[in-house]
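Below: the structure, in structure tokens.
The values are calculated or read from the model by the stated rules, or taken from the named source; none is laboratory data. All values derive from a computational prediction rather than experimental measurement. Please note: Cβ atoms are built from the backbone with ideal geometry, for glycine as well, and neighbour counts cover all protein chains shown.
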Amino acid sequence: MQISRRPCPEAPARRLADAGLPPLLARLYAARGVARKDELDYALTALLPPDGLRGVKEAAELLADTLAAQAPMLIVADYDCDGATACAVGIRALRAFGGTVDYLVPNRFKFGYGLTPAIVALAAERKPALLITVDNGIASVEGVAAARAAGITTLITDHHLPGDTLPDADVIVNPNQPGCSFASKHIAGVGVMFYTMLALRAELRRRNWFATREEPKLADLLDLVALGTVADVVKLDQNNRILVHQGLSRMRAGKMQPGIRALFAAASRDAMRASTFDLGFGLGPRLNAAGRLADMSLGIECLITDDPLRATNLARELDRMNQERRSIEEDMQASAELMLDALGNSAAHGVALFDADWHQGVVGIVAGRVKERLHRPVIAFARSDDGLIKGSGRSVAGVHLRDALDLLSKRQPDLILTFGGHAMAAGVLIRETDFPRFAAGFDAVVQALADDEALNPRLETDGELSPHEMSLEAARLIEREIWGQGFPAPLFSDAFEVESQRLLKDQHVKLTLRRGNERYEAIRFRHADPAPDRLRAAFRLSANEYRGVASLQLLIEHWEDATGG
């Protein structure tokens, strides 16, 4: 692992500081490509307008016609946090507009992903006039054909990359479909649905819909949009940062859905200090636990209920499921470690792992853990039905995972049954007997696509902090800003003397570090090996709360021996 410093251009940093930003933030933002203060304008008026999304006008007209006809609608959701929040946005908005709408979320173990013909058959039993997909559907060619054959109109809202053939839906809203000029190509599924609801409200205004009914405030749904956007780990371009900022601002002001409030309580986090870290590592995993282990309808119900007591009970059940998920993950991780030990130094460019006892819903997390250890694209597989295995993959910057799978499917057309996803995460279905062939083929395509730099583990930091910047105030200043995928949270580096260290719960190292005359409390999670007497650390600033008292704590992500250096 190499610790390097992220370059920071002086002119933009000085310009941002002159515009009134604290010098530390000016430096951090300039290093992330921000050149002007208006790029940090997170007002709702700075959002990209909905009419840039191809199909959104037609979607609004279709939805408005359906509302006017008082016809039933059914949302087909995905089983992750983005899908759950997108579904909740659709349910809450369409009901507020006066619509009759329900939802259906596939059980991932029985039906798999997306609008399949089997899901259409299940949906048809409810006799909807309109099927609306959220966070899925762009690859559902057969499912849309089945809906058309059943006489059901389909509206696809999605953000995933399309395949060679688009489904023959009545309307498609997806920034990544051919011919769409919408600038924010990285908007999450929940963002696409929120934009669709904005366009619908504009269409209803044109139709004088609100002359006899109250017009809903769609901004009240931005807590859901923020959660789904952060949890789906999409790139936080300016438009996505606006959505996240607005959602966090509402949470901090106490304006949130009962389910969001209950999830904060279940995660033992303070909504008044809500951060992207809370959404990504506190609330998101608890919602995802439902989709991983059982049925995401539990999570959706938590997000759409207006009953605080019911929301609390649902959030507690989600928390229990998340604890169960952690236990399963630990066992699977131990199994993966044994496989990696057996590989020794012969680790592939692209790593594929399979264990017949692994849990389908947790393989993605295991893939992510192994990716962090090896700095390689990793796909972990678990058994499905009828001799098939399902894989979930995670990648590194510089290797587009879906493109890798697409290349492999072209090289060996009979190998991959289905696949889909993003640059950094993807899913794949193959025959169990083909796993050795897949592992070899995946390694080969990653080797073809990746340059040496992409597979060299490197931590890019923001360098050293001055003594006055190593403070609780600086930690809180950073905590309130918007960080995430493509706009990384600040990571600093420096050398320290280790004054003391101890092991917590056999898996975390707690340290007291010294730099000059200053001492700092620090911790490295998920790492049991002792620290050297002198080290160079890559760390984050954290405001640690203990018994009502806040203090600065350094969260160490990596260290290297600096003894004698």
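Observations
- Every residue from region 199-217 that is surrounded by fewer than 19 Cβ atoms within 10 Å (Cβ to Cβ) and of a type in the set (A, V, I, L, M): Ala202, Ala211
- Ala26 being crowded, with 18+ Cβ neighbours inside 10 Å, under 26 Å from Ser466 (Cβ atoms), touching a residue at least 60 places away in the same chain (Cβ under 8 Å) and among the aliphatic types (A, V, I, L, M): no
- Which numbered condition Thr563 misses (of (1) surrounded by 15 or more Cβ atoms within 10 Å (Cβ to Cβ); (2) within 21 Å of Met1 (Cα to Cα); (3) polar (S, T, N, Q); (4) in contact with an Asp or Glu (Cβ under 8 Å, 6 or more places away or on another chain)): (1)
- Residue that is surrounded by the fewest Cβ atoms within 10 Å (Cβ to Cβ), among those in region 468-481 that are modelled with pLDDT of 95 or more and of a type in the set (Asp, Glu): Glu473
- Residue match in region 353-368 (condition: in a strand (DSSP E or B) and more than 24 Å from Gly486 (Cα to Cα)): yes
- Total residues in region 48-61 satisfying the condition of being assigned to a helix (DSSP H, G or I) and surrounded by 21 or more Cβ atoms within 10 Å (Cβ to Cβ): the figure is 4.
- Within region 62-111, the set of residues being outside any loop (DSSP other than H, G, I, E, B), acidic (Asp, Glu) and under 30 Å from Asn322 (Cα atoms) comprises Asp82, Asp102.
- So Arg326, is it within 22 Å of Gly364 (Cα to Cα) and either without any contact (Cβ under 8 Å) to a residue 40 or more places away in the chain or touching a strand residue (DSSP E or B) at 6+ places or on another chain (Cβ under 8 Å) (or both): yes
- Matching residues, region 206-227, being touching a residue at least 60 places away in the same chain (Cβ under 8 Å) and more than 21 Å from Pro308 (Cα to Cα): Arg207, Trp209, Arg213
- Neighbours by Cβ (under 8 Å, 6+ apart or cross-chain): first from region 461-479, closer than 23 Å to Phe281 by Cβ; second surrounded by fewer than 18 Cβ atoms within 10 Å (Cβ to Cβ) and among the polar types (S, T, N, Q): Thr461/Ser4; Leu472/Ser551
- The condition of being in the same structural domain as Met73 (by TED's automatic domain parsing) and over 16 Å from Tyr103 (Cβ atoms) holds for only one of Lys127, Lys185, that being Lys185.
- Leu511 fulfils the conditions (1) buried (at least 18 other Cβ atoms within 10 Å of the Cβ); (2) assigned to a helix (DSSP H, G or I) except for a single criterion, (2).
- Some residue of region 449-467 being at pLDDT below 95, surrounded by 18 or more Cβ atoms within 10 Å (Cβ to Cβ) and outside any loop (DSSP other than H, G, I, E, B): yes
- When region 150-166 is limited to residues that are over 15 Å from Leu130 (Cβ atoms) and free of Cβ contacts under 8 Å to residues at least 60 places away in the same chain, the one that is surrounded by the fewest Cβ atoms within 10 Å (Cβ to Cβ) turns out to be Asp164.
- Neighbours by Cβ (under 7 Å, 6+ apart or cross-chain): first from region 271-299, in contact (Cβ under 8 Å) with a residue 40 or more places away in the chain and farther than 23 Å from Ala475 by Cα; second surrounded by fewer than 19 Cβ atoms within 10 Å (Cβ to Cβ) and of a type in the set (Asp, Glu): Leu293/Glu324
- Pick from region 101-131, criterion at pLDDT below 95 and touching a strand residue (DSSP E or B) at 6+ places or on another chain (Cβ under 7 Å), ranking: nearest to Arg383 (Cα to Cα): Tyr113
- Within region 136-148, one or more residues are in the same structural domain as Asp82 (by TED's automatic domain parsing), under 16 Å from Pro72 (Cα atoms) and either assigned to a helix (DSSP H, G or I) or not small (Gly, Ala, Ser) (or both).
- Unique residue being assigned by TED's automatic domain parsing to the domain that holds Lys185, in contact with a Ser or Thr (Cβ under 6 Å, 6 or more places away or on another chain), under 13 Å from Asp80 (Cα atoms) and of a type outside the set (Phe, Trp, Tyr) when the list is Val230, Val244: Val230
- Scanning region 132-152 for residues that are over 20 Å from Leu53 (Cα atoms) and in contact with a strand residue (DSSP E or B) (Cβ under 6 Å, 6 or more places away or on another chain) gives Val144, Ala147, Ile152.
- The number of residues in region 1-22 being under 14 Å from Pro490 (Cα atoms) and assigned to a helix (DSSP H, G or I) comes to 0.
- Criterion: β-branched (Val, Ile, Thr), crowded, with 21+ Cβ neighbours inside 10 Å and more than 29 Å from Ala294 (Cβ to Cβ) - qualifying residue of Val362, Val399: Val399
- Residue list for region 409-458, filter: without any contact (Cβ under 8 Å) to a residue 12 or more places away in the chain and of a type in the set (D, E, K, R): Lys410, Asp414, Asp452
- Among the residues of region 522-537, those that are more than 15 Å from Thr512 (Cα to Cα) and either crowded, with 17+ Cβ neighbours inside 10 Å or not small (Gly, Ala, Ser) (or both) comprise Arg526, His527, Asp529.
- Taken residue by residue, region 495-505 has no member that is in a loop (DSSP other than H, G, I, E, B), modelled with pLDDT of 95 or more, surrounded by fewer than 18 Cβ atoms within 10 Å (Cβ to Cβ) and assigned by TED's automatic domain parsing to the domain that holds Asn544.
- Filter result for Leu161 (part of a loop (DSSP other than H, G, I, E, B), under 18 Å from Thr229 (Cβ atoms) and modelled with pLDDT under 95): yes
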